[in-house]
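Presented below is the structure to which this report refers.
Each reported figure results from applying straightforward, stated rules to the coordinates on display, with no laboratory input. Bear in mind the structure is a predicted one, so any value in this text is a computation, not a measurement. Cβ placement follows ideal geometry from the backbone for every residue including glycine, while neighbour counts extend to all protein chains displayed.
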Amino acid sequence: MCKKLCFFLILALITLFSSLPAIADNNHQAVFTVGQDTYVSDGRPVAMDAAPFIENGRTLVPVRYLALSLGVPEDKIIWSPSAQTVTLIKNNMNIVMTVGGNIIYVNDQSKEIDAVPMLKDGRTYLPARFVAEAFGYEVGWDSDRQAVLIGPPGQLPDATVTEAVKTVQAEIVSVTDGDTVVVNLNGREEKVRFIGVNTPEIAHPSLGIQDQPYSQEAAAYTRKQLSGKTIWLEFDVGQRDKYGRLLAYVWLERPLSDSEEEVRAKMFNAWLLLDGYAQVMTVPPNVKYADLFVKLQQEARESGKGLWGAAAVPSVSGEAKYIGNSRTKKFHRPDCRWAGEISPENRVGFKNRDEALAAGYVPCRVCRP
């Protein structure tokens, strides 16, 4: 009798729990910021083709990207054009919402909501709370950063992770030379000098400056890549030089992070180095990517790209104890990493320290010759 009772009890429990929806794993975190077309999913920036916005005091997020951030598979986000419904399926959880309707269905159980899903530019938007809470998540709001925070109960993410790379959008007006452009920024024209790189000088007859080797090639390369383009400017510590020019890293696409992979793929300063049209020029305090730029230049130099293949690097006399850079007017020890980065046409040898100082050169702050 006891065995039969236990059997039926176990069977009843199995039946009960099998009839309940499986609770979706809710170990993801996400941050959606108003006006930004990237969101952060589990600490990683992800691009969107839409951006959250505020309407009637409610923050609306793209349902598709919200669902992806919560672990809903791509093929389980189903849009019905005829019924104007969005269906989200994860494990045994099924959520259905209708554009313009104030009822959301969670496993066929109806729930009234105080904001209706809406269509904008072909995307369905909805306040995140209704979907996220149905999947077992907590939703928060950072009013200072205007960000929707989603995470497991008691584990909301920090909104600051959305600010890995701050950029401002601008349009190219003209190209001055290989490392300088004029842009339209917020309705005004600004001259922008690229940070961390230096292309050979083009001729300035009024100043008595002649074309340096590979200067025209570098200017043509920049003109080809940037003319008429929309770019994103990232600033460093110092935003202007003594000539009043803005100092910036130039991104050809909005960066998702400041990783080496993103820099190689999207930053024009890096392209100039990788293709051998520029050499590294580090001017503190703007040193965010200095070490990476040295690495990229070394790759170009070893491959004989651009100016590194245009002429053999002249050997400095064996009597030379120091190596100077005729452009920066600095001198270095031969084993200094910056000595190895001096372009061929700018290398100068000095027999001793006094000779370098007498020629108007200053000692490198790294190797301290």
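The distance linking segment 106-172 with segment 261-283 is 36 Å (Cα centroid to Cα centroid, whole angstrom).
Pairs of Cα atoms nearer than 8 Å and 6+ residues apart set the relative contact order; for segment 147-199 it is 21 percent. Go ahead and run the numbers for FRET between K120 and K288, Cβ-Cβ distance against an R0 of 30 Å, rounding to 0.05. According to the calculation, E is roughly 0.25.
Normalising the average separation of contacting C-alpha pairs (under 8 angstrom, six or more residues apart) by the number of residues puts the relative contact order of the chain at 10 percent. Extension gain for E253 to T87 (0.36 nm times residue separation, less C-alpha to C-alpha distance): 56.5 nm. Using the rule -39500 (n - 2.57) for each DSSP H run of four or more residues, divided by the residues of the chain, the 222 nm mean residue ellipticity is -6000 deg cm²/dmol. Straight-line cross-link reach from K111 at under 20 Å between alpha-carbon atoms covers these aspartates and glutamates, not counting any fewer than eight positions away in the same chain: E133, E138. Taking a ≥ b ≥ c as the square roots of the eigenvalues of the Cα gyration tensor, segment 26-148 is rounded, since a/c falls below 1.5.
Of all DSSP-defined beta bridges confined to segment 172-259, some 85% are antiparallel rather than parallel. Taking 7 Å along the Cα-to-C-beta vector as the label spot, tell me the D49-K224 distance in nanometres, rounded to one decimal. Calculated label separation equals 3.0 nm.
This model, with +1 at the C-beta of Lys and Arg and -1 at the C-beta of Asp and Glu, gives segment 221-369 a dipole about its Cα centre of some 480 debye. Computed from Cα atoms, the angle from the helix 215-226 axis to the main principal axis of the chain rounds to 20 degrees.
Considering segment 168-310 at the alpha-carbon level, its Rg and Dmax are found to be 14.4, 44 Å.
Extension gain, K166 to E138: 0.36 nm times the residue separation minus the Cα-Cα distance gives 7.3 nm. In this simple spin-label model, placing a label point 7 Å from the Cα along the Cα-to-Cβ direction at both Y243 and T176 gives a separation of 0.4 nm.
Close amide H pairs (under 5 Å, H built 1.01 Å from N) link G178 with A219, residues at least 5 positions away or on another chain. Cross-link partners of K305 among lysines, defined as those whose alpha carbon lies under 22 angstrom from its own and excluding same-chain residues fewer than eight positions apart: K224, K266, K295. Only lysines eight or more places from K321 in sequence, or on another chain, were considered; those with a Cα closer than 20 Å are K329, K330, K351. The label point for D354 and the one for Q298, both projected 7 Å from the Cα toward the Cβ, are 3.6 nm apart.
The H on the amide N of T124, modeled in the peptide plane, is under 5 Å from the matching H of V63, R64, each at least 5 residues off or on a different chain.
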